[in-house]
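Here's the structure we're looking at; comments come further down.
The values are calculated or read from the model by the stated rules, or taken from the named source; none is laboratory data. Not measured: the values here are computed from a predicted model. Every residue, glycine among them, receives a Cβ derived from its backbone with ideal geometry; neighbour counts consider all protein chains shown.
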Amino acid sequence: MALYAFANDTAGKSTCTGTCASNWPPYTTSNIIPKAGPGVTQNLLSSFTRPDATAQIAYSGHALYTYKGDTAAGDTKGQGVNSDGGLWNLVAPNGSLITSAK
């Protein structure tokens, strides 16, 4: 599934809680040190503790989220969406944000 970053977040801190987190589920882990999969650079991965005490994964400093509107692999319906007070963008494999429109 596609992974997104929220413009209102800062490094190591998520501002997406409550209804926002229902629409944009945080990408969480039970491991403090996430393990990189194919195409992912291990040293860009990290995790931090969310306000609800779960561990959320970050990539290149961007807290990662999925989007409830993406229902199948390859969906990117959340790209460029402005909701919950900020803009949502896909996170590229190199850790940069994809800022082009849908």
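Residues that are more than 16 Å from G95 (Cβ to Cβ) and aromatic (F, W, Y) occur at least once in the stretch 20-38. For P38, the conditions (1) more than 17 Å from D9 (Cβ to Cβ); (2) crowded, with 19+ Cβ neighbours inside 10 Å are fulfilled apart from (2). All conditions but one from (1) closer than 11 Å to L3 by Cβ; (2) assigned to a loop (DSSP other than H, G, I, E, B); (3) among the aliphatic types (A, V, I, L, M) apply to L90; the one that does not is (2).
Annotation: of all residues in the stretch 8-35 being charged (D, E, K, R) and surrounded by 13 or more Cβ atoms within 10 Å (Cβ to Cβ), the one that is farthest from V81 (Cα to Cα) is K13. Screening the stretch 44-102 for residues that are touching a residue at least 60 places away in the same chain (Cβ under 8 Å) and in contact with a Lys or Arg (Cβ under 7 Å, 6 or more places away or on another chain) and picking the one that is surrounded by the most Cβ atoms within 10 Å (Cβ to Cβ) gives Y67. When the stretch 51-65 is filtered for residues that are assigned to a loop (DSSP other than H, G, I, E, B) and in contact with a Gly (Cβ under 6 Å, 6 or more places away or on another chain), only S60 remains. Of all positions in the stretch 67-82, none carries a residue that is outside any loop (DSSP other than H, G, I, E, B), under 13 Å from L3 (Cα atoms) and within 12 Å of the chain's Cα centre (by Cα).
Answer yes or no: is there a residue in the stretch 66-82 that is touching a Gly at 6+ places or on another chain (Cβ under 6 Å), farther than 25 Å from T49 by Cα and at pLDDT below 90. Looking for residues that are touching a Gly at 6+ places or on another chain (Cβ under 6 Å), farther than 25 Å from T49 by Cα and at pLDDT below 90, one finds none in the stretch 66-82, hence no.
Would you confirm whether any residue within the stretch 2-11 is out of contact with any Pro (no Cβ under 8 Å at 6 or more places or on another chain), of a type in the set (A, V, I, L, M, F, W, C) and without any contact (Cβ under 8 Å) to a residue 40 or more places away in the chain? Outline the logic, then answer.
Of the stretch 2-11, the ones out of contact with any Pro (no Cβ under 8 Å at 6 or more places or on another chain) are 2-11.
Narrowing the set further to residues that are of a type in the set (A, V, I, L, M, F, W, C) leaves 2-3, 5-7, 11.
Still in the list and also without any contact (Cβ under 8 Å) to a residue 40 or more places away in the chain: none.
Looking through the stretch 2-11, none of the residues is out of contact with any Pro (no Cβ under 8 Å at 6 or more places or on another chain), of a type in the set (A, V, I, L, M, F, W, C) and without any contact (Cβ under 8 Å) to a residue 40 or more places away in the chain.
Summed over the stretch 22-43, residues that are touching a residue at least 24 places away in the same chain (Cβ under 8 Å) and either of a type in the set (A, V, I, L, M) or not in a loop (DSSP other than H, G, I, E, B) (or both) total 6. Scanning the stretch 84-102 for residues that are hydroxyl-bearing (S, T, Y) and either touching a helix residue (DSSP H, G or I) at 6+ places or on another chain (Cβ under 6 Å) or over 23 Å from A55 (Cα atoms) (or both) yields T99, S100.
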